Amino acid sequence: MLIAGIDTATVQVSVAVGGHEGVLASTQSSRGRQHAEILTPAIEFTCRQARIELSEISVVAVDLGPGLFTGLRVGVAAAKAMAHALNVPMIGVPSLDLLAFPVRFTPRLIVAAIDARRGELFYAFYRQVPGGIQRLSDHQVGSPDDLASELLAAGEDCLLVGDGALRYREVFEGLKRIEIVEEGLAYPSASSLVMLAHAKALREEWVKPWDLQPLYLRKPDAEINWATRPSV
C-alpha cells in the first residue's frame, strides 16, 4: 500500500509518499502563496524521488486544516482530483494533529498553534499516548492572549509548537513552564501525514473523495471583509 500525502494548509507546501516501509520521499517548499503553481511539480518530483509511478498510489491523504483558506482549498481540491483519477480512497488528517505528532515523545502537554492571520491562532491540546498522541480539546480559534490564558490555567509544563507560537513568541516567553519548539517543526508536514494516514488505512478509516470536507473554523478573509464593508 502506497500513500501520497499532500499538505498545503499553511505557507508551506509539503508532499510525501510512503507506506508500510515508512516515508520513501518527501519535499517541502515555501514560496509565498504560490500553492497552485508549486503543488503539481512537487507531487511529480516526490514520486520520482520515491521511484514510483503515480498510478501505484493506493490512498491519497490530505491535510484537512484548519489553515490558510486559499492554500487549504488548493490542497484539498488537488487531492480529491488525484483520488478520483486514480479511483482510490482518501484519508484526511487535521493540521494541528500533524504539528503535534513529531513531538509526541515528550511527557509534557503539547500545544499546537498555527498562525491564522488577523491576530488569531488555530490551536489544540495534545497528550502523549502509547503509539502516538491524543487530542484533548476541540480545534479552536482565538487570540494569542486567549491561548496564553489557557496555558496559565493548565498549570503544567507545556511544549508549544507551530508557526503561530513563533509569530507571537513575545506573548508566551514570559509564561513559566512553557517551551517553544524552534523553526524546524513550525509547519505541518506531509511526512507526518503519511505516517498517521498509514495507521488509519490499516484500520480502513478512509472516505470517498466526495465525502471529504476541509476544516475551516471560520469564513475566508474575503467573505469576512465583504460582510464588514460599510454601506454607501
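The values are calculated or read from the model by the stated rules, or taken from the named source; none is laboratory data. For clarity, every value in this text was computed on a predicted model and none was experimentally measured. Every residue, glycine as well, gets a Cβ built from its backbone with ideal geometry; the counts of neighbours run over all protein chains shown.
Assorted remarks:
- Region 14-118 holds helices (runs of 4 or more DSSP H) entirely within its bounds, and those carrying 2 or more residues that are modelled with pLDDT of 95 or more, more than 17 Å from the chain's Cα centre (by Cα) and farther than 24 Å from W206 by Cα map to 35-50.
- E173 vs. criteria within 18 Å of the chain's Cα centre (by Cα), of a type in the set (D, E, K, R) and more than 30 Å from V60 (Cβ to Cβ): no
- Qualifying residue in region 200-213 (condition: out of contact with any Cys (no Cβ under 9 Å at 6 or more places or on another chain), in the same structural domain as K80 (by TED's automatic domain parsing) and at positive phi): yes
- Condition met for L147 (assigned to a helix (DSSP H, G or I), surrounded by fewer than 18 Cβ atoms within 10 Å (Cβ to Cβ) and more than 15 Å from the chain's Cα centre (by Cα)): no
- Any chance A165 is surrounded by fewer than 18 Cβ atoms within 10 Å (Cβ to Cβ) and assigned to a helix (DSSP H, G or I): no
- Residue within region 40-47 that is of a type in the set (V, I, T) and exposed (fewer than 15 other Cβ atoms within 10 Å of the Cβ) present: yes
- Figure legend. Inter-residue proximity from region 100-125: first residues farther than 15 Å from V181 by Cα, second residues of a type in the set (D, E, K, R) and assigned to a strand (DSSP E or B), beta-carbon distance below 6 Å, spacing 6+ or different chains. Indicated pairs: A124/R135.
- Test: residue in region 126-143 that is under 30 Å from L2 (Cα atoms), modelled with pLDDT of 95 or more, assigned to a strand (DSSP E or B) and among the aromatic types (F, W, Y): yes
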